[in-house]
Structure formats: C-alpha cells, structure tokens
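Note sheet for the following structure.
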Amino acid sequence: MEIKYDIADDKVRNFTDDAKSRLQEQALEYTLEIISEAEKVEKFIREHGASPEITDNIIFQAVRRNKTEKKKSIFIILVRIIAELLLFIAGLMFLPDMFITAEGTLNISYFLIFVIVTVIAIIASIVTYFVRGE
C-alpha cells in the first residue's frame, strides 16, 4: 500500500527544493518509526494465537509512545556512565588522612588528583544535563 501526503502549496511556498526533499525524507522516517512502534504495541496487546491487527487506537498509542520515549545517543550514555563512575571514585578518594602527609603538610599530588577527578565528574554531569535538554 502506498501512503501519500497532500500538503497545500502555500504551506511549502518558501521551501527550497532541498528543504522539500529533506521534509519528505523526515516524513518517511517518522512514518516508519510510527509503524515500528505500532507493531510493538500490537504485539504487546495481542492475545496468544490471535491474528495481528493494527487499529487506529494502536496508531494513536504508537504516536504517543514515540513522542514520549526519546532515543538516547550512545555518546550521552557513555558520558553519563563516566560521570557516575568518576563521582563514585571521587567519593572513595575522599579520605581526610590522605590529604595530609606524615609531616603534617598538604599532600598536593593526592589533592590535585582528587580535584581533577571531581571536576571532570561534575563537568560530565553538567554536559549530560544540558545535552538532554533538561
């Protein structure tokens, strides 16, 4: 079955040919995402042995799920894991006795490593916060 969209010319009057082409590509991609999501919804609610049937209600649910379930990028996931691990390591490194040497002076090397790990963890957390749009 072929699905076509009819959009009035006045809606895309100021679009360049490249913009119209990109709009078609994005509409196709979005439609395929909705179809995939609808198949998942239908499979979830289908009773054992019943034949598959996708209704307008399932499409409605698929559209809603597709809007609410943002796909996370691998970059964000990796940065978030690194941030969590570094925060954990910084917590383990916070040993007051290690900041002072046997002579009673500040252990600069340990202090710098602790500060660097903590700052990188905080920056990574902030990056994931703003990239996700929260």
Q | Average accessible area per residue (Å²) across the range 6-131 - probe 1.4 Å, nucleic acids and ligands excluded | A | 81
Q) Using θ = phi - 60° and the Karplus curve 6.51 cos²θ - 1.76 cosθ + 1.60, what whole-Hz ³J(HN,Hα) does each residue of the range 124-131 get, with Gly and Pro shown as x? A) 4, 5, 5, 4, 5, 5, 7, 5
Q. In sequence order, what are the phi-derived ³J(HN,Hα) couplings for the range 88-103 according to the Karplus relation 6.51 cos²θ - 1.76 cosθ + 1.60 with θ = phi - 60°, rounded to whole Hz, with x for glycine and proline?
A. 5, 5, 4, x, 5, 6, 6, 10, x, 5, 6, 7, 10, 7, 5, 7
**Q.** the chain, accessible surface, carbon-and-sulfur percent (1.4 angstrom probe)
**A.** 63
Q: May I ask you to order 45-52, 97-104 by the average number of other C-beta atoms within 10 Å around their residues, highest value first?
A: 97-104, 45-52
Q: Let me know the volume per residue of the alpha-carbon convex hull for the chain, in Å³.
A: 199
Q.
Suppose only helical runs count, i.e. DSSP H with n ≥ 4. What mean residue ellipticity at 222 nm does that imply for the chain under -39500 (n - 2.57) per run, divided by all residues and rounded to the nearest 500 deg cm²/dmol?
A. -22500 deg cm²/dmol
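The values are calculated or read from the model by the stated rules, or taken from the named source; none is laboratory data. Keep in mind that this is a model prediction, so the values were computed, not measured. Neighbour counts run over all protein chains shown; Cβ positions are idealised from the backbone, glycine included. All accessible areas refer to the heavy atoms of the entire protein, side chains included, with ligands and DNA or RNA removed. Shrake-Rupley method; radii C 1.70, N 1.55, O 1.52, S 1.80 Å.
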